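To keep things clear, I will list the structure first and then write my remarks on it.
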Amino acid sequence: MGRGAWLASKRSIVLPINPVFERYSRQILFSGMGEEGQRKLLASSAVIVGCGAIGASTAQLLARAGVGRLRVIDRDFVEYSNLQRQALFDENDARDSLPKAAAAKRKLRQLNSEIDIDGVVADVTPQNVAELLDGFDLILDGTDNFDTRFLINDFAVEAARPWIYAAAVGSYGLTFAIRPGVTACLACVLEAPEAGSLLEETCDTVGVIGPIVNLVASLEAAEALKILSGHAEALHGRLLSCDVWSGKMQSIAILRDAQCRACVSHEFSYLDGKSQPHITLCGRDSVQIHERRRSLDLAGLAEKLSVAGIAVKKNDFLLKFAVASYELTVFTDGRAILKGSTDPAVARSLYARYIGT
Ligand SMILES: [Zn+2]
């Protein structure tokens, strides 16, 4: 028997005849997954909150693996400074200032047109968290801030839904799969007093390199595949931390906190909205203004600004303009991101003056 014929006969024995499965044949061959695991994966759903570096890489891995229904949520738009590490975006997306959720959806569709992919341009808040995250088998962390992570944690613990925490700064990253009632939750891990310094560093203050975000995304996606393919017994249940520069890797057992606000006392302070300010820091030298429950007419606003002699850049999702040394990006849901200042008073004043109250 020639090698081609041998391979063909081998394929017909090992792999299912269903041509839909040809795409996933190498994954099905992996004993941890198998055909049954693949079927479960195709019937499963996951929502990724935040589609920056970790979110984009995780989304890509899950789309390629055949998670049947994926939702990607992001509040921001693509910039040139993202391209160094955010694997789903290219120069065209940055030039067009496309929202990351829209650019990601388009790219993910090209990677796998056989699954259901949804891109939502929004900031996840106590008001919309249930609407955006409910009904998914798994929630994945692609965020860049702890306010949103604690909000996800509150939602997930209350809804008894698994979610996976993931973060990276500099050359260091960590990830931990959280199963409410089984493992520790994020509040168990991070609301301890010694966790303080971890909460302050963001990519915009210390920078970040591509290899660590892809490594953390891979670790996160692997846990996701176990959960979604029905192989929860394979979850290692540990917090993994790694530094690709020093080569230091750690696998840490995390115990539940018997006094935990969230998973023991069921005090959901983030879900209740008590911890959500109206203006939040959003990266280096920028703030986000959370004006909600309003729908902005971007075309009307563009016209108003043009009449005032202000140059406006606009697409279907957002409008961007510069005044003095500031740049304002306004979204259809009324949110705005101000670059050039971290002063809430400046943000409020510019918003009121150019967008209205
Ligand atoms: Zn807890």
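The values are calculated or read from the model by the stated rules, or taken from the named source; none is laboratory data. It should be emphasised that the depicted structure is a prediction, and the values quoted were computed from it without experimental measurement. Neighbour counts run over all protein chains shown; Cβ positions are idealised from the backbone, glycine included. Just the protein is used for accessible areas: all its heavy atoms, side chains included, with ligands, DNA and RNA removed. Shrake-Rupley method; radii C 1.70, N 1.55, O 1.52, S 1.80 Å.
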So for Glu36, Glu223, what's the accessible-area order with a 1.4 Å probe, most first? Glu36, Glu223
So, how do all the Cα-to-Cα distances of the chain break down into 20 Å bins, in percent, from 0 on up? 28, 55, 15, 2
Spatial separation of Cα centroids for segment 21-46 and segment 97-165, in angstrom: 23
In percent, what relative contact order does the chain have, based on Cα pairs under 8 Å that are 6 or more apart in sequence? 14
Would you work out which of Asn153, Gly37, Ser57 lies farthest towards the positive end of the dipole of the chain, given +1 charges on the beta-carbon of Lys and Arg and -1 on that of Asp and Glu, about the Cα centre? Gly37
Run the numbers for Asn315 and Glu79: contour at 0.36 nm per residue of separation, minus the present Cα-Cα distance, in nm. 83.5 nm
Taking r as the C-beta separation of Ser246 and Arg26 and R0 as 45 Å, the FRET efficiency to the nearest 0.05 is 0.85
Residues of segment 69-159: accessible area per residue with a 1.4 Å probe, Å²: 37
If you add up the charges near Ala65, with Lys and Arg at +1 and Asp and Glu at -1, over every other residue whose beta carbon is less than 11 angstrom from its beta carbon, what do you get? +3
Enumerate lysine pairs in the chain that are 8 or more residues apart or on different chains, then count those whose Cα atoms are under 20 Å apart. 12
Charges only on Cβ, +1 for Lys and Arg, -1 for Asp and Glu: so what's the dipole of segment 101-260 about the Cα centre, in debye to the nearest 20? 520
In the full protein assembly as shown, how much of Lys320 is accessible to a 1.4 Å probe, in Å² to the nearest 10? 30
Of all DSSP beta bridges located in the chain, what percent are antiparallel, nearest 5? 65
Whole-Hz couplings from phi, Karplus 6.51/-1.76/1.60, listed for segment 267-272; x for Gly and Pro: 9, 9, 5, 6, 5, 6
Counting only protein heavy atoms with a 1.4 Å probe and every protein chain in place, the carbon and sulfur fraction of the accessible surface of the chain in whole percent equals 52
Rank Leu42, Leu240, Leu301 by mean-square fluctuation in a GNM of the chain with C-alpha springs under 10 angstrom and give only the top-ranked residue. Leu301
Place a point 7 Å from the Cα of Arg106 in the direction of its beta carbon; the residues of segment 57-87 whose amide N falls under 12 Å from it are 78
In whole Hz and in residue order, list the ³J(HN,Hα) couplings for segment 34-50 that follow from phi through the Karplus curve 6.51 cos²θ - 1.76 cosθ + 1.60, θ = phi - 60°; x for Gly and Pro. x, 5, 5, x, 5, 4, 5, 4, 5, 8, 9, 9, 9, 10, 10, 9, x
Sequence-distant or interchain residues sharing an amide H contact under 5 Å with Ile48, placed H: which? Arg71, Val72, Ile73, Leu140
Gly334's amide H: which non-local residues (gap 5+, or another chain) put their own amide H closer than 5 Å, with H modeled 1.01 Å from N in plane and none for Pro or chain starts? Leu296
